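Following: one structure in structure tokens, then a few remarks.
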Amino acid sequence: MLSVIRLFTSSMIGHEGERLMLPLKTVRSIMVLFLILTSLMVAVSFAPSARASTSITSMTPTSGEVGSTVYLQANITNADGPFEVRFDTAVRKSGSAVGSYVNTSFTVPEATAGNHTVMVLDQIAGQNATANFTITTSYSLKAEVPTAPKQLQEGGSVSIDANMTGSVAYTSYAVNITVTAPNSVSYTNLTTIFTSSVGSGNTMLTYPKDFSTGANTNFTGTYRVYFNGTLNEAFFIGLTNSSQYHRHQTVDVKAMYASGENVTITIQGNIMYTSTTAQADSSGLVHYVNSTILSEASIGTYTVTLISISNPTKKTAAPDVQSFTVPGYSVNITLLNLAGAPVPSIILKTTENGESISEKGKENGTVFLELEDGTYLCNATYSDVLVGQQALTITGELAFSLSCNLTSLNVIVMDEYATKLPEVKIYMIPGNQTLTTDINGTAEMGSMLPNVTYTLNVSRYGMLFKMNQTIQSPPSTAWYNLTIICPTMTLNINVTDARGRPVNDAAVEAQELLGGRYYSNTTTNGAVSLNLTFGKYTVMVLINGVTVNETTVSLNETSVNLPIVCSFYGFDVSVRAVDYFGQPIPNVNVTLQRSGWRDSRIAGGDGLATFGNTFGGDLNVTIRLAGQSEPSVVSSVSVDNSTPIEIKIGRYVLLAGMMVEASQLLAIVIVLIVVVLFLSVEVFRRRWRRPKENEV
């Protein structure tokens, strides 16, 4: 450090009497600043690396009632470390962070109204972060009613629980609980709720006993309950003890009238109608019980009506009218064939007491019904033929399978070599169904009727090869197996070249369009025969490994003749190499090439190389000069006749039987021209000087 200061000082101050470059005061200030910066840098270099501190980044909501959910996001110091969420001092949530990130929620506990502290604590570092949550006072009511479909009836009573949370601790609150009946008349209870140490309190009341004079449950309908004027709860008073019944259950009706008052009771729905009279007892209760009225009830909605005979206007504000339902039971039926597989489109007819309902099976063979208690007869029909029948007794929800007399058909289509054939179409009558064989040559149908004659027409590639094959009355078994053999046809092929001459030793290959069997043979005098399975084929002719023709043929007759003309084979191809000036170049190596085939010839003295009875079409021509391995020319040509092809090697000139590069020849010519010009100028100069010398 001292050496740095001396160097700095020497650069600012002269030596041995030299004039100062900067004022001494300025130099001292710079040195002090330099020392301060150096100290800071040293301190920072030895300081521990900083880590993220614990903090709450989000809390939603920041106020609410006891029991509400608060969503909290925070960061803690130690990655993946344990954390706690505390509400005041109580732990409400704990876990481990994901990295430094905490994403959690908690339920607001019982506590007094006002501000409370929410803390996130990093349990390893001991660091914490806090936020405020404000609890607001809430009120609630709960009416104790039976579990549906059971319900309260007229003349009954109901317990009401009035509750408050999030208020001031150890305080009494005057509250007003009001019940408004369906006739719009209200009844009140003024009571007091005493809160606990956490600001919670409640009171239990019984309606109508604990409410103002006249309170009652004499009307059918909804009773609304208010806590200090705010609606919090409602309960329903009905005529029947249930909102739904099944057959053979007892209908229980209760209603409140004046003592000894006479009423008519009517129950009506669908085609059922019953009416009777009853008289209220000394307490005013009309109680009517009937255990037989629903013994044959159908599914639907029924209405109960009570009307006073002696005082018809008694309940005009809220008439005694209430509905209940007969819902039936869920019945799930799966329709199966004899092989145990679901069958769609079967019509299931369910009959009871002469009344029937019909449903069509879905794609998975299921039928969903709603049936009430009773005995039913189920008939399953397919194509108007009865294939299944079963008696059914319903006492509750039910799921079962109904086996139908339908045989499954399994068809295998193969050729005479036992190769399975895919994509074969099988058209069936009756039913007008089309089956298609899969990759294994198999097609299945699971809905063959017994005692029916089926006719099959079988085709490939849209061409029929088997007509009117019959299946006589398939037996009532799980599977009926049928094998169909696709016939073999003969394909006679005649191969000729571009000049109509038979092509010998040409390879002929046949491949079915769907990728089935592969066939091949070689021509003799241009002819070859292949025995192929009925269908469509791609036929290729190859000469020396080169495909010279490819065509598609439909083989749908016993014998099919197919002429194939190889229009790009059978040419006499001649290639002449010429130089820059069009002079033939002898003894060059000419190579013709096409799709893996190649042939070479040496040109004669006329520069012509001839390839007899060879390929036409698109060819690659490579020419190499005598004694050279690298090609001089590579060119693409199209040959469609026997006219000689001329290939120009513009780089060379044939000079006195020698190949000279055109550029070198040009250089020689230019040099010669320059020499001639120079000599001409020199001769002219000398001749011009000689007459003048003679004159002197």
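Derivation of every value follows stated rules applied to the coordinates shown; laboratory data play no part. Because the structure is predicted, anything quoted here is derived from the model rather than measured. Please note: Cβ atoms are built from the backbone with ideal geometry, for glycine as well, and neighbour counts cover all protein chains shown.
Here the Karplus relation 6.51 cos²θ - 1.76 cosθ + 1.60, evaluated at θ = phi - 60°, turns the backbone of region 204-214 into coupling constants of 10, 10, 10, 9, x, 4, 8, 10, 4, 3, x Hz, with x for every Gly and Pro. Length available on full extension from T558 to V634: 0.36 nm per residue minus the Cα-Cα distance, which gives 22.4 nm. Bridgeable lysines around K536 (alpha carbons under 21 Å apart, same-chain partners fewer than 8 residues away excluded): K420, K425, K466. Placing a label point 7 Å from the Cα of T375 along the Cα-to-Cβ direction, the residues of region 394-424 with a backbone N closer than 14 Å are 394-395. Computed over region 385-505, the P(r) tail beyond 23 angstrom holds 49 percent of alpha carbon pairs.
Couplings 3J(HN,Hα) for region 397-404, derived from phi with the Karplus relation 6.51 cos²θ - 1.76 cosθ + 1.60 (θ = phi - 60°), are 4, 8, 9, 7, 10, 10, 7, 10 Hz, where x marks Gly and Pro. For a distance above 18 Å, tell me the whole-number percent of Cα pairs in region 185-334 that qualify. Every Cα pair in region 185-334 considered, those over 18 Å come to 66 percent.
I need M659, M272 ordered by Cβ neighbour count within 10 Å, fewest first.
The order, fewest Cβ neighbours first, is M272, M659.
What are the lysines whose alpha-carbon lies under 20 Å from the alpha-carbon of K315, with same-chain residues fewer than 8 places away excluded? Excluding near neighbours in sequence, the set is K254. 3J(HN,Hα) along region 286-299: 9, 10, 10, 10, 9, 9, 10, 4, 9, 4, 10, 5, 8, 5 Hz, from the Karplus curve 6.51 cos²θ - 1.76 cosθ + 1.60 with θ = phi - 60°, whole Hz, x for Gly and Pro. Projecting label points 7 angstrom from Cα along Cα→Cβ for L514 and T351 puts them 4.6 nm apart. Footprinting exposure proxy ranking of I471, I135, fewest other C-beta atoms within 10 angstrom first, gives I471, I135. Ignoring the sites themselves, the chain has its longest run without GluC sites (Glu not before Pro) in a DSSP loop having at most 10 other Cβ atoms within 10 Å at 19-362. The label point for S383 and the one for N183, both projected 7 Å from the Cα toward the Cβ, are 7.0 nm apart.
Annotation note: trypsin sites (Lys or Arg not before Pro) in region 172-261 located in DSSP loop regions with a Cβ neighbour count of at most 14 within 10 Å are K209. Here's how it looks for G446: its modeled amide H is under 5 Å from those of L409, which are all 5 or more places away or on a different chain. Given a Förster distance of 45 angstrom, what is the FRET efficiency for S282 paired with F194, based on the Cβ-Cβ distance and rounded to 0.05? Efficiency, rounded to the nearest 0.05: 0.65.
Close amide H contacts of A527 (hydrogens built in the peptide plane, cut-off under 5 Å, sequence separation of 5 or more or a different chain): V495.
Of all lysines in the structure, the ones whose alpha carbon falls short of 18 Å from that of K360, not counting any fewer than 8 places away in one chain, are K349. Residues whose amide H lies under 5 Å from that of T206, counting only those 5 or more places away or on a different chain, are I160; hydrogens are built 1.01 Å from N in the peptide plane.
Where in region 204-234 is the amide nitrogen less than 13 Å from a point lying 7 Å along the Cα-to-Cβ axis of N176? Flagged as within label range: 226-231. Ordering W597, W688 from the fewest to the most neighbouring beta carbons within 10 Å gives W688, W597. Each eigenvalue of the Cα gyration tensor of the chain, multiplied by 5 and square-rooted, gives one semi-axis; in descending order these are 98, 68, 21 Å.
A straight chain from S295 to T230 at 0.36 nm per residue would run longer than the Cα-Cα distance by 18.9 nm. Taking 0.36 nm per residue of sequence separation and removing the Cα-Cα distance, the V674/T303 pair yields an extension gain of 120.6 nm. Considering all C-alpha pairs of region 336-403, those separated by over 17 Å amount to 37%.
A dipole drawn for the chain from +1 and -1 charges on Cβ atoms has a positive end, and of A162, L456, Q127 the residue lying farthest that way is Q127.
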